[in-house]
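Student: Here it is: the structure, laid out below.
The values are calculated or read from the model by the stated rules, or taken from the named source; none is laboratory data. Bear in mind the structure is a predicted one, so any value in this text is a computation, not a measurement. Methodologically, a virtual Cβ is constructed for each residue, glycine included, from the backbone with ideal geometry; neighbour enumeration extends over all protein chains shown.
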Amino acid sequence: MAGDRDLHFEVVFDLARKKRTQVSELNEYILSAVEAEIIEAYEGGRTNSSESFIVHMEKPENILTSQIVDGRVFFEENPAHKWSAFPMAMDEMGNVWSLPIAHTLIWGMTGSGKSSPLQSAIIQAIPYVEAGEALLFGSDLKETELLPWDYSTLFEDIAFTADDSMELISMLYEKLLERNKMKRAWLNFGGDGQKADLQRRLPATKQTPMMIFVIDELLSLLLELFQRGAEGKAAMATLAKIMALGRAVGFYVIAATQNVKQEFLGAMRDNFVNVVVLRNAATPNMNDMMLGEGSIERGFDPRKIEESTEANNYKTSGIGYVKGETGDPNLVRFAYSDDDYVSSFVLAHPDEQKMATLQSGQLEQMLAAEVNEGDDINEKLDQLSPIERNDFLEALEVFNLSDREDDGNFTLEELNNQ
């Protein structure tokens, strides 16, 4: 635990066949017995057989809002020692939180700090790119978060238009099918003293590097594809196939999107193993859909995160809840990588041809410029006619894992036979 352990410490009670509510009532007794300032339930220490409390002998400082997590320091102290987990944030107890590598959705309103988790994932992937064990691809229709990386050799390709994104999605799917065939050839059922290897999940190696597809403003991309008719809808279906098959063969989508209505993200939620929910103004149902049923009632409420502004020194930027395959949400603050730090990676791996087109200092000016958020995605959605709106919702159903076999869309068996 961070801080002075004599002043801030954890107390754990064995439930001993008692109801959790009975043990929870002990907090007032503990408060008076040790003359503590504050006592609070600690979700992170709770197990099926125990209840955990944090006791504060004096009013604690909120370590998440007390200072920005400096990316330069954080990533030097917490490199990604294994390809399957990227350290990216600090939790309320001062512990490092790592992103399990899988499809990840980053969701929050403008100004909530979506760039921090997005850039953190890229930076932690760089050593694997340098070693030939990862390949980065991107789509950024607003030309903001990924634009500086286009001037480096770290990304294989970044699409800045819907047409280029369609080509990139098609190319990635072809590579996925090739790798799926390779995976079948590597199956080993053991016997004769050999250990079986059923290729359930391919490791990141030079032969099978991680294929990480970073998408900024996912829903904006999908709307642009939808508005391109049959060709665009085909690209949406192909992206859904990549997400359905990708994890087993080392293909991962890390996508960010603005605060949007539940009806548009609902069909896609099950595709993402990890969700990062930053400050938003959505309904409790929307937040529960992202973080798990009843999360708001249990206190995991991103709507209560204070607005981050220049006036308060951006004290809550990059703070949000993270949720993986299991367990309760966890409140963390993502490391912030400033313009100089991002530039250092670009300048260390320059695309000489593209760099030659820049005037002196133009890269720094590009990074320092105010981010152009562009049109709000909700405004674009509101401009759709009722028929277009329904058609778009139907197009998004291609991502709905739960309905896939019933509604006539592709099944995993059909995908594997392609």
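Student: Within segment 181-216, which residues are part of a loop (DSSP other than H, G, I, E, B), under 21 Å from residue 118 (Cα atoms) and either modelled with pLDDT of 90 or more or outside the structural domain of residue 135 (by TED's automatic domain parsing) (or both)?
Tutor: Once the filter is applied, which keeps residues that are part of a loop (DSSP other than H, G, I, E, B), under 21 Å from residue 118 (Cα atoms) and either modelled with pLDDT of 90 or more or outside the structural domain of residue 135 (by TED's automatic domain parsing) (or both), segment 181-216 yields only 209.
Student: Only residues that are in a helix (DSSP H, G or I), over 30 Å from residue 392 (Cα atoms) and modelled with pLDDT of 75 or more: list them for segment 343-382, please.
Tutor: 343, 344, 345, 346, 347, 348, 352, 353, 354, 355
Student: All but one of (1) out of contact with any Leu (no Cβ under 8 Å at 6 or more places or on another chain); (2) surrounded by 15 or more Cβ atoms within 10 Å (Cβ to Cβ); (3) modelled with pLDDT of 80 or more hold for residue 340; state the number of the condition that does not hold.
Tutor: (2)
Student: Same structure, new question: Just to be sure I understand, how many residues within segment 249-283 are at pLDDT below 85 and under 23 Å from residue 167 (Cα atoms)?
Tutor: Qualifying residue count for the region: 2.
Student: On the basis of being more than 23 Å from residue 289 (Cβ to Cβ) and modelled with pLDDT under 85, does residue 230 make the cut?
Tutor: Details: more than 23 Å from residue 289 (Cβ to Cβ): yes; modelled with pLDDT under 85: no.
No.
Student: Within segment 143-159, is even one residue in the same structural domain as residue 214 (by TED's automatic domain parsing) and over 30 Å from residue 339 (Cβ atoms)?
Tutor: no
Student: Another question, if that's okay. For segment 83-142, list the strands (runs of 3 or more DSSP E) that sit wholly inside it and hold at least 1 residues that are of a type in the set (Val, Ile, Thr); which are they?
Tutor: 96-100, 104-107
Student: Filter segment 142-158 down to the residues that are among the β-branched types (Val, Ile, Thr) and closer than 20 Å to residue 257 by Cα and list them by number.
Tutor: Result: 144, 158.
Student: Scan (1) touching a strand residue (DSSP E or B) at 6+ places or on another chain (Cβ under 6 Å); (2) over 24 Å from residue 88 (Cβ atoms); (3) among the polar types (S, T, N, Q) for the single condition residue 274 breaks and write down its number.
Tutor: Only one criterion in (1) touching a strand residue (DSSP E or B) at 6+ places or on another chain (Cβ under 6 Å); (2) over 24 Å from residue 88 (Cβ atoms); (3) among the polar types (S, T, N, Q) is unmet by residue 274, namely (2).
Student: Between a residue in segment 330-345 that is assigned by TED's automatic domain parsing to the domain that holds residue 92 and any residue that is of a type in the set (Lys, Arg), which pairs come within a Cβ distance under 9 Å, given they are 6 or more apart or on different chains?
Tutor: Listed pairs, sorted by first residue: 330/323; 335/72; 337/72; 338/72; 340/72; 341/72; 344/72.
Student: Can you find a residue that is modelled with pLDDT under 85 and under 18 Å from residue 68 (Cβ atoms) anywhere in segment 315-333?
Tutor: Scanning segment 315-333 turns up at least one residue that is modelled with pLDDT under 85 and under 18 Å from residue 68 (Cβ atoms).
Student: Still on this structure, please answer the following. Among the residues of segment 270-307, how many are of a type outside the set (A, V, I, L, M), surrounded by 21 or more Cβ atoms within 10 Å (Cβ to Cβ) and under 28 Å from residue 245 (Cβ atoms)?
Tutor: Counting residues in segment 270-307 that are of a type outside the set (A, V, I, L, M), surrounded by 21 or more Cβ atoms within 10 Å (Cβ to Cβ) and under 28 Å from residue 245 (Cβ atoms) gives 1.
Student: Could I ask something else about it? Consider segment 235-256. How many of its residues are outside any helix (DSSP H, G or I) and touching a Phe, Trp or Tyr at 6+ places or on another chain (Cβ under 6 Å)?
Tutor: Final tally of qualifying residues: 1.
Student: Inspect segment 61-71 for any residue being over 23 Å from residue 339 (Cβ atoms), modelled with pLDDT of 95 or more and part of a helix (DSSP H, G or I) and give the result as yes or no.
Tutor: Taking every residue of segment 61-71 in turn, none turns out to be over 23 Å from residue 339 (Cβ atoms), modelled with pLDDT of 95 or more and part of a helix (DSSP H, G or I).
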